[in-house]
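Colleague: Have a look at this one before I ask anything.
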Amino acid sequence: QVQLVESGGGLVQPGGSLNLSCAASGRLFTASAMIWYRQGPGKQREWIATIDRGGRTSIAHSVEGRFTISRDTIKNMLYLQMNSLKPEDTAVYYCSGEWGSNHYFGHGTQVTVSS
């Protein structure tokens, strides 16, 4: 069983930045992929970014150029650096990891972008 715990969310003004963290109890370097999702109010869950076992990243078009996914396999940490935040980025952000056929999610961290 892997536990994922997100942190770093909060209230930020438009144009601001936040760096989300996800602490994993499992060894990150063995995960086939680590993923960030978000779910805004009244919206379906949206894929944001993936980093695979080899370190290759992919980013959703909606956040490309503003968000960056990264990891620290020594510390078993996953990150999402979010810059130039917009009100439409308001959502609960979830960290997820795939170990073989098992897919785990954290409980999420709230990000609110508002003036």
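Colleague: Please verify whether S101 is surrounded by fewer than 16 Cβ atoms within 10 Å (Cβ to Cβ), closer than 14 Å to L4 by Cβ and among the small types (G, A, S), treating the condition exactly as stated.
Modeller: Criteria not met by S101.
Yes/no per residue for (1) modelled with pLDDT of 95 or more; (2) exposed (fewer than 14 other Cβ atoms within 10 Å of the Cβ):
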position: G10; (1), (2): yes, yes
position: S21; (1), (2): yes, no
position: L28; (1), (2): no, no
position: Y37; (1), (2): yes, no
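Colleague: Can I ask one more? Output the residues belonging to the stretch 44-70 that are touching a residue at least 40 places away in the same chain (Cβ under 8 Å) and open to solvent by 70 Å² or more (accessible area, probe 1.4 Å).
Modeller: Selection gives R45 alone.
Colleague: Just for strands (runs of 3 or more DSSP E) wholly inside the stretch 1-114: which have at least 1 residues that are within 14 Å of the chain's Cα centre (by Cα) and polar (S, T, N, Q)? Steps first, please.
Modeller: Details: elements: 4-7, 10-12, 18-24, 33-39, 46-52, 57-59, 67-72, 77-82, 91-99, 102-105, 109-113.
Qualifying strands (runs of 3 or more DSSP E): 4-7, 18-24, 33-39, 46-52, 57-59, 67-72, 77-82, 91-99, 109-113.
Colleague: Right, here's the next one. Looking at E6, is it within 15 Å of G106 (Cβ to Cβ) and acidic (D, E)?
Modeller: yes
The values are calculated or read from the model by the stated rules, or taken from the named source; none is laboratory data. None of the values given here were measured: they were computed from a predicted structure. Quick reminder, even Gly has a Cβ in these numbers, built from the backbone with ideal geometry, and neighbours come from all protein chains shown. The accessibility values were calculated without ligands, DNA or RNA, using every heavy atom of the protein model including side chains. Shrake-Rupley method; radii C 1.70, N 1.55, O 1.52, S 1.80 Å.
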